Amino acid sequence: EKEFAKLQAVLAVLPRHALGKAEVLRKRGNGKDQLRLAPERRTHAEMVETALLSSCKVYPRYTSELKSLVVAYASEDMAIFTDARGRRLFTALRGGGGGAPRA
């Protein structure tokens, strides 16, 4: 149960990554064998997924548990993770009061 609480603490910080910049630049072909930078928008789930995978480096002790999680839902305020193999569900909520700015 102590390990479960520690894993939940690791997951609790992930929704804040959805508050970052959603635009990314990617190289795209323009049909003339040239590449140009094209702005794209990442979803909250993609940003949290990236943070989830990055957290494996920060918390190597939990790598196997973190890699088994799937981001089922993510918004500016919360993220829901599922672990089908372990039959577990995790939620993480953004902290702060109702008047706290999001970004």
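The values are calculated or read from the model by the stated rules, or taken from the named source; none is laboratory data. From a predicted model like this one, the values you see are computed outputs, not experimental measurements. All Cβ positions, glycine included, derive from the backbone under ideal geometry; neighbour counts span all protein chains shown. Only protein heavy atoms, including side chains, enter the accessible area calculation; ligands, DNA and RNA are left aside. Shrake-Rupley method; radii C 1.70, N 1.55, O 1.52, S 1.80 Å.
Assorted remarks:
- If the condition is being open to solvent by 40 Å² or more (accessible area, probe 1.4 Å) and closer than 14 Å to residue 10 by Cα, then the range 66-77 contributes only 67.
- Meets criteria (within 10 Å of the chain's Cα centre (by Cα) and modelled with pLDDT of 75 or more) for residue 17: no
- The selection criterion, being part of a strand (DSSP E or B), modelled with pLDDT under 60 and exposed (fewer than 10 other Cβ atoms within 10 Å of the Cβ), holds for residue 27.
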